[in-house]
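The numbers here are math on the coordinates, done by the rules we state, and not lab data. Predicted, not measured: the structure shown is a model, and the values here were computed from it. Neighbour counts run over all protein chains shown; Cβ positions are idealised from the backbone, glycine included.
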Amino acid sequence: MFTIGVFQDVAWAARGIDALVDDGFAVDSLSIVAKATPEWRALIEARFGGDVQSLTIARLGETLVRGPLIAALQGPDSGLERGGVSAAIGRAGFQSHDGYIYETLVDRGGILVGVHNVPRAADALAKLHAYGGGNAAIGAWAGRTRAVQFR
């Protein structure tokens, strides 16, 4: 299960990520999706070391990504590259309209932060909300997610 929120700028994202880590969320449980800019790259590298990849995502273009959410969204059919966040978000337990909102916010310069932690999903949601993570939500339980196929 993933909990996702989108931060509007580097300052809010830095505080939110730091709060999650300070609250005991493992760095390996955190995911990032952001348009490729020097500011976002610097933040991601500062918080996660060199653990950042560049990926071309449909409707977003060159994007910086890291974490377990990316593997879930890509799937065996390269869902992110072909259908974008809105098409692939079902794999993480969200509706396509949620994916459209996340995709739009990232396209406007925000950074999506995902937390993969089932037992502490509510804690992650509270941290995301408290530190400015817009549209923060918890995805459906893993057993309730649907498969997405791209053609």
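Exposure proxy for Arg41, Arg91: other Cβ atoms within 10 Å of each Cβ, ordered fewest to most, give Arg41, Arg91. The Cβ shell under 14 Å around Leu105 holds other residues with a net charge of -1, Lys and Arg each +1, Asp and Glu each -1. For Ala136, the residues whose amide H sits under 5 Å from its own are Val6, ignoring neighbours fewer than 5 places away on the same chain, with H placed 1.01 Å from N. Here the contact order of region 2-142, divided by its residue count and restricted to Cα pairs under 8 Å and six or more residues apart, works out to 42 percent. Let me make sure I get this right: for region 1-80, a, b and c are the square roots of the gyration tensor eigenvalues over alpha carbons, sorted descending. Under 1.5 in a/c it's rounded, otherwise prolate if a/b > b/c, else oblate. Which is it? The shape class here is oblate. Residues Thr56, Thr63, Thr104, ranked from the fewest to the most other C-beta atoms within 10 Å, line up as Thr56, Thr104, Thr63. Projecting the Cα atoms of Trp40, Gly75, Gly110 onto the charge dipole of the chain (Cβ charges, centred on the Cα centre) puts Gly75 farthest toward the positive pole.
Residues of region 118-132 with an amide N closer than 17 Å to a point placed 7 Å from the Cα of Gln8 along the Cα-to-Cβ direction: 128-132.
Helix-only arithmetic for the chain: the sum of -39500 (n - 2.57) across DSSP H runs with n ≥ 4, divided by the residue total, places the mean residue ellipticity at 222 nm at -12500 deg cm²/dmol.
Among Ser31, Ser96, sorting on how many other beta-carbon atoms sit within 10 Å of each Cβ, with the fewest leading, yields Ser96, Ser31. For region 95-113 and region 1-48, what is the separation of their C-alpha centers, rounded to whole Å? Their Cα centres are 15 Å away from one another.
Other residues lying with their Cβ under 12 Å from the Cβ of Gly49 contribute a combined charge of -1, Lys and Arg counting +1, Asp and Glu -1. All other residues whose Cβ lies under 13 angstrom from that of Leu30 are scored, Lys and Arg at +1 and Asp and Glu at -1, for a net of -1.
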